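First the structure, in the form of structure tokens, and then the observations on it.
The values are calculated or read from the model by the stated rules, or taken from the named source; none is laboratory data. Here the structure is a predicted model, which means the values were calculated and not measured. Neighbour counts run over all protein chains shown; Cβ positions are idealised from the backbone, glycine included. These area figures cover heavy atoms from the full protein model, side chains too; ligands, DNA and RNA do not enter into them. Shrake-Rupley method; radii C 1.70, N 1.55, O 1.52, S 1.80 Å.
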Amino acid sequence: MSRPKHAPSEKILHDLNQPQRQAVEHLDGPVLILAGAGSGKTRVLTFRIAHLIAVGKATPKEIIALTFTNKAAGEMRDRVHKLVPESVASMWVGTFHSLFARILRREADRIGYSHNFTIYDTDDQQTLIKTIMNELKISTQIFSPKLIAYTISRSKNALIGPDEFDQDVNNPNDEVTALVYREYTRQLRQLNAMDFDDLLIKPIELFRLYPLVKEYYQDRFRFILVDEYQDTNRAQYLVLRELADKYKNICVVGDDDQSIYRWRGAEVRNILEFEKDYPKCAKFRLEQNYRSTPAILGLAHSVVVHNSQRHDKKLWTERKGGELVSIVSVYDQREEAQMIVERISAELRKNEHKFSDFAILYRINAQSRSLEDGLRLEGIPYIIVGGIRFYERKEIKDVLAYLRVLVNPDDTISLKRIINYPTRGIGDATVAKIDVFARARKVTFLEALFKGDEIDGLGKRTRERLSAFVAVIKKYQGLLGQVSASELASTLIDELGIMRQFKEENTLESATRAENVRELLQAIHEFAVSNGEDTTLEAFLQHVSLLTDVDSWDDQSNVVTLMTLHAAKGLEFPVVFIAGLEDGLLPLSRNTEDPRDLEEERRLFYVGATRAKDKLYLFWAKNRKRYGEGRSYKSRFLKEIDTSYAILEESQMVKREKFAQSHITYHYDAMPNYEDESQEYVEFNIGMRVRHQKFGKGTILSLEPASSGAKLVVNFDLYGRKRLVLPFAKLEIL
């Protein structure tokens, strides 16, 4: 096939360093690019795409580039457009979920779905699981729907279906999960819905059932590029193998030192064993860092090098000078927040920073409370990435539920959400009667609504209300494709009286909700303007369902950013604070027994440290209160640091405490180390499986803090419910 050449290749390659250029110019066969933090991996991917097109090796249509966030995909698309302007329109660049959802929209009928299937987010998934548990008479108090959803998700990503899961059940929680999993799978298909995991495993099913379909996409995408390959799970690994099997032109870019998603199924072995999967692969290392100071890089490396499961590499930089990393010990979390605020103020004065130059990172979301208190007290503006996202607000989900029902009438979860919104006098008892009728007639919930006059036990006024609701749904289903998505949504909201209701409530909260709905309408309009290729309501709903926390983050606002270490991956800031560097918190206590989990915690620290460009602060508190009173102990990662890259500091309260202890008349025989840490600091969660020396295995039902120690209610398999007090319970997490 003759392929047109574009801009001169040398012009594209001119600004690359030698390893980057070598990686870009090696176009044939499998390629592994080990790209350390801040080494220009996005640059290499985009230049490689442009080079493929410029030398006539591939047309834009033959290239697919997969990322993990819409933000990364957008950045890649913009950079390619600057290099080869005419290429972007026909090239597939996006997240794994969005691109494979695009394939499934085209091919869904082959695997028993229609093209207008709904994509269920985490909330929808848990709502369906709760509904199934109620139908199966399984207590949602004893068995956690959230834990069941997590177990099902992990199983699906490992390609373990309901039948395989059922064969490996060994505790009551798994027995319940097996029942729910089977019914959940059945009902998703009935609802013409897929969850996030289905968007990865259904293409594998499609390719294996229909070899000709697989070959079509293999020929279509002769060149495959994958960003952040270390974060791929089993399903992503296998679907890439299927797609790359014919031409083997797969280029993966990643860093095993930044693999931090094992808890959601990512397998670092995918990048560690790439050379085994593709023995003829070319391998390139990008080790020059363009982001951080030598001290930050040296300190981060001195910790991550303690991991055994990693490729041998070390970042370096041409930057000179820079400050040492500050390791600060504080008395408790309140002083930690106070000192972080003081350092922000000092940095603002000294280096003329903006608020947006600062990021405060932490291991778990609960840590943000004391940090927020400290920032509010000083009037410092901030934003939390990972809080309630715009599309998760109730008023937005209510409107989206209407739109989803119009696109997919089988979406009973959304239908039940809106049947009495705005309030129209249709209660739970009526919904239950419709459910009974639908099951008896073997029709969908919406089809049952259409037959409202035939449902026993409904009064005249209830039938009229149902009829009015059905009329609205029918009317706007008829408008699909006749008017724009923006016009349809605006007219629907107006007819439902949603904005009028907010105005009548006349409260600050209702005014905020009204503004949010207006913002939603603006988002639909902007999507249609910017997405040229597919502006349908169906496309907008898919776009919304696949947004991540980082995609929703406004990085243009001049505010301090607070986020978890996981959320910070892929970002950078001039000044970074990492809070809570104590054993039990970072590393998290539940992840210290399995060496693989501990290595991932170490990688998480490495990711956090390498977000910093100019200055890094590491904080640990000697008396952090989590599930009760007591001391906390310095993270083992701080003990692994090469201190030549750091300066050690103590807060005033720590100094006063030391002075007081040196002047008392008695002494401790020995201070405990982190291995003797009180069980108060173990990260217990509702739904977690535990073992007690006397009572055996059980499931945590509730947890409440108390001054004498956290109190747990555990439902033991053999002894029933027991109320226990930490740290005396001595529970083992299973």
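Taking amide H positions as modeled 1.01 Å from N, with prolines and chain starts lacking one, no residue 5 or more places away or on another chain lies under 5 Å from K569. Ranked by the mean number of other Cβ atoms within 10 Å of their residues, highest first, the peptides 648-657, 403-412 come out as 403-412, 648-657. Note on K622: lysines with a C-alpha under 19 Å away, same-chain residues under 8 apart excluded, are K634, K639, K655, K658. Altogether, the Stokes-Einstein calculation at 4 °C and 1.567 mPa s, with the Kirkwood radius of the stretch 570-629 over Cα pairs as Rh, returns a diffusion coefficient of 103 µm²/s.
Spatially close Lys pairs in the stretch 115-233, defined by Cα atoms under 28 Å apart and a spacing of eight or more places or different chains, total 10.
Among complete DSSP H helices in the chain, those whose alpha-carbon atoms stretch at least 30 Å along the helix's long axis and whose mean Kyte-Doolittle hydropathy reaches -1.0 are 508-530.
Close amide-amide hydrogen proximity is noted between S632 and N623, R624, each under 5 Å apart and 5 or more residues distant or on a separate chain (H modeled in the peptide plane; Pro and chain starts excluded).
Among 159-165, 33-39, the peptide with the highest mean count of other Cβ atoms within 10 Å heads the list, and the full ranking is 33-39, 159-165. Surface analysis of the chain yields an accessible area of 45 Å² per residue, using protein heavy atoms and a 1.4 Å probe. Shown for the stretch 234-294: the carbon plus sulfur share of the solvent-accessible area, taken with all protein chains present and a 1.4 angstrom probe, equals 45%.
Modelled label positions at Q501 and D28, each set 7 Å beyond Cα in the direction of Cβ, lie 6.5 nm from each other. Oblate is the label for the stretch 189-248, because a/c, from the alpha-carbon gyration tensor with a ≥ b ≥ c as root eigenvalues, is 1.5 or above and a/b does not exceed b/c.
Taking one quarter of the surface of the C-alpha convex hull of the stretch 314-419 gives a mean projected area of 12.5 nm².
Taking amide hydrogens as placed 1.01 Å from N in the peptide plane, the amide H of L286 sits under 5 Å from those of L34, A35, G36, each at least 5 positions away in sequence or on another chain. Checking (i) 102, 82, 54; (ii) 88, 61, 55; (iii) 85, 72, 56 against Cα extents along the principal axes in Å calculated from these atoms, the matching label is (iii). Take every pair of alpha-carbon atoms less than 8 Å apart whose residues are at least six positions apart; their mean separation over the length of the chain yields a relative contact order of 16 percent. Under 17 Å from the Cα of K350, which lysines turn up, not counting those fewer than eight places away in the same chain? Candidates past the 8-residue exclusion: K613, K615. When the square roots of the Cα gyration tensor eigenvalues are ordered a ≥ b ≥ c, the ratio a/c for the stretch 148-204 is 1.5 or more and a/b exceeds b/c, which makes its shape prolate.
Sorted on the mean count of surrounding Cβ atoms within 10 Å across their residues, most packed first, peptides 600-608, 495-503 read 600-608, 495-503. Could you name the lysines whose alpha carbon sits less than 18 Å from that of K475, not counting residues in the same chain fewer than 8 places away? Cα-Cα hits under 18 Å: K451. Computed extension gain for R269 through E378, at 0.36 nm per residue and net of the alpha carbon distance, reaches 34.7 nm.
If you take the Cα centroid of the stretch 64-113 and the Cα centroid of the stretch 276-295, the two points sit 25 Å apart. Per-atom-type breakdown for the stretch 328-458 gives carbon and sulfur 49% of the accessible area (1.4 Å probe, protein chains only).
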